[in-house]
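Novice: One structure, as structure tokens, below. Some questions next.
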Amino acid sequence: MIWTIISAVLVLFVSIWLGEKRFIKLEQISIRRFLFAGIIGMALFLVLRYLNNLGYFPQPVGAAFMTNCYSSFSGFFLGAAYAQYKMKKELGDIDYVNTAFISDLLPNLLALTIIILGIARTSIFSELPVSPIRMSSGISLIAVGIYAITLKVTPELRKKGFVILDREIPWKDLISYNWYQEQVIELEFKYKDQIRIHRSVVAPEDEKEVEKLLSKKMIEKMEKEADS
């Protein structure tokens with residue numbers, strides 16, 4: 001068991017580093033890629049299960065393997081959550097974010113639910129013995145919940161730029177904005193040398209505030225471009 005714990009801790013720290021580097025972003029995850037990854041994972045599980053039935057993949061080895069898999073998930077999401085926190089901190093304080101129940105409170109409640117389930121899974125507060133696989137699987141759920149808290153369904157407008165899920169866009173890359181329809185703002189911006197468009201819901205009582213803020217940012221951008 002000691003080697004399982006040591007390997008899981010090492011995998012955890014390596015995965016935290018990989019997650020913090022943000023090699024994978026949400027925009028890269030398509031339905032096709034998600035299904036493909038699911039098929040690969042299921043195929044690997046079936047192969048390992050078959051090897052277990054043949055006696056080539058005994059239970060202790062399987063438990064150690066799954067513990068390290070959970071540790072890799074935990075580290076990746078913890079690293080990604082830290083990267084999100086650091087990125088938002090660098091963009092400054094929030095000027096505006098939609099705080100409606102569906103777009104803000106409900107996702108946070110779901111994330112907290114995942115965290116609570118993760119704590120329960122660790123068996124720390126139950127009569128079940130704490131094992132490496134239980135602990136690592138519980139921490140992986142906690143990490144997913146923490147990462148989910150860092151994400152916002154609607155854009156966060158901050159001092160130095162705005163955030164859409166896990167993407168940061170400085171104000172200089174905002175090309176234009178317009179009201180796509182009532183209570184829906186459309187942001188056109190440059191991201192990785194491509195023009196992107198994002199539409200987001202704005203509460204009726206916040207429309208004037210958002211209009212004033214975006215207008216101010218566009219004026220500041222044009223003034224900087226004129227000076228340069």
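The values are calculated or read from the model by the stated rules, or taken from the named source; none is laboratory data. The shown structure was predicted, so the numbers you read here are calculated from the model rather than taken from an experiment. Glycine gets a Cβ as well: all are built from the backbone with ideal geometry, and neighbour counts include every protein chain shown. We work out accessible area using only protein heavy atoms, side chains counted, and drop any ligands, DNA or RNA first. Shrake-Rupley method; radii C 1.70, N 1.55, O 1.52, S 1.80 Å.
Novice: Could you check which residue among ASN178, ASN53, ASN98 shows the biggest mean-square fluctuation in a GNM of the chain with a 10 Å Cα cutoff?
Specialist: ASN53
Novice: Next question, about the same structure. Stokes-Einstein at 20 °C, 1.002 mPa s, Kirkwood radius from Cα pairs: D for segment 85-160 in µm² s⁻¹?
Specialist: It diffuses with D of about 153 µm²/s by this estimate.
Novice: Then there's this: With everything on Cα atoms, drop me the angle between helix 207-227 and the longest principal axis of the chain, reported from 0 to 90° to the nearest 10.
Specialist: So the helix axis and the longest Cα principal axis differ by about 80 degrees.
Novice: Quick one: plug the Kirkwood hydrodynamic radius of segment 104-228 (C-alpha pairs) into Stokes-Einstein at 4 °C, 1.567 mPa s, and report D in µm²/s.
Specialist: Reported coefficient: 75 µm²/s.
Novice: To continue, here is another question. For VAL9, what accessible surface area do you get with a 1.4 Å probe? Give it in Å², rounded to 10.
Specialist: Around 60 Å² of this residue is reachable by solvent.
Novice: Note the direction-averaged projected area, equal to a quarter of the hull surface, for the Cα convex hull of segment 132-196, in nm².
Specialist: 6.5
Novice: Take every Cα-Cα distance within the chain, group them into 10 Å bins from 0 onward, and report for each bin the whole-number percent of pairs it holds.
Specialist: Taking every Cα pair in the chain, the percentages come to 7, 24, 29, 19, 12, 6, 1, 0.
Novice: Would you please give the FRET efficiency between ILE175 and LYS212, computed as 1/(1 + (r/R0)^6) with r the Cβ-Cβ distance and R0 = 22 Å, to the nearest 0.05?
Specialist: After rounding, the FRET efficiency stands at 0.70.
Novice: Taking N as the number of residues in segment 51-102, what is its Cα Rg relative to 2.2 N^0.38 Å?
Specialist: Relative to the 2.2 N^0.38 Å estimate, segment 51-102 comes out at 2.06.
Novice: Now a separate question. How much solvent-accessible surface does LEU12 expose, in Å² to the nearest 10, with a 1.4 Å probe and all protein chains in place?
Specialist: LEU12 exposes around 40 Å² with every protein chain in place.
Novice: If you build a Gaussian network model of the chain, linking Cα atoms that sit under 10 Å apart, which residue out of ALA143, ALA83, ALA203 swings the most?
Specialist: So, out of ALA143, ALA83, ALA203, the one fluctuating most is ALA203.
Novice: If I model a spin label at GLN183 and ARG49 as a point 7 Å from the Cα along the Cα→Cβ vector, what separation in nanometres do I get?
Specialist: 4.6
Novice: At 1.4 Å probe size, put GLU90, GLU211 in order of accessible surface, largest to smallest.
Specialist: Correct descending sequence by accessible area is GLU90, GLU211.
Novice: Taking all protein chains together and a probe of 1.4 Å, list TRP3, TRP17 from the most accessible to the least accessible.
Specialist: Most to least solvent-accessible, the answer reads TRP3, TRP17.
Novice: With angles folded into 0 to 90 degrees, how steeply does helix 31-54 sit against the dominant principal axis of the chain? Use alpha carbons for both and round to 10.
Specialist: Computed tilt is about 10 degrees.
Novice: Looking only at PHE101, PHE45, PHE189, which one moves most when the chain is put into a Gaussian network model with springs between Cα atoms under 10 Å?
Specialist: In this elastic network of the chain, the residue with the biggest mean-square fluctuation among PHE101, PHE45, PHE189 is PHE45.
Novice: Another question about this same structure. In the full protein assembly as shown, how much of LYS172 is accessible to a 1.4 Å probe, in Å² to the nearest 10?
Specialist: Result for LYS172: roughly 140 Å² accessible.
Novice: With a 1.4 Å probe and all protein chains in place, put LYS224, LYS216 in order of accessible area, largest first.
Specialist: The ordering from most to least exposed comes out as LYS224, LYS216.
Novice: Another one. Provide, as a two-decimal number, the C-alpha radius of gyration of segment 1-117 over 2.2 N^0.38 Å, N being how many residues it has.
Specialist: 1.38
Novice: Here's another thing I want to ask about it. Taking Cα atoms, how many degrees apart are the long axis of helix 59-90 and the longest axis of the chain, rounded to 10 and kept between 0 and 90?
Specialist: Taking the Cα atoms of the chain, the angle to 59-90 is about 20 degrees.
Novice: Here's a follow-up. Determine the calculated [θ] at 222 nm for the chain from helices alone, applying -39500 (n - 2.57) to every DSSP H run no shorter than 4 residues and normalising by the residue count; nearest 500 deg cm²/dmol.
Specialist: -20000 deg cm²/dmol
Novice: Okay, next question. Per residue, how many Å² of accessible area does segment 130-228 show with a 1.4 Å probe?
Specialist: 56
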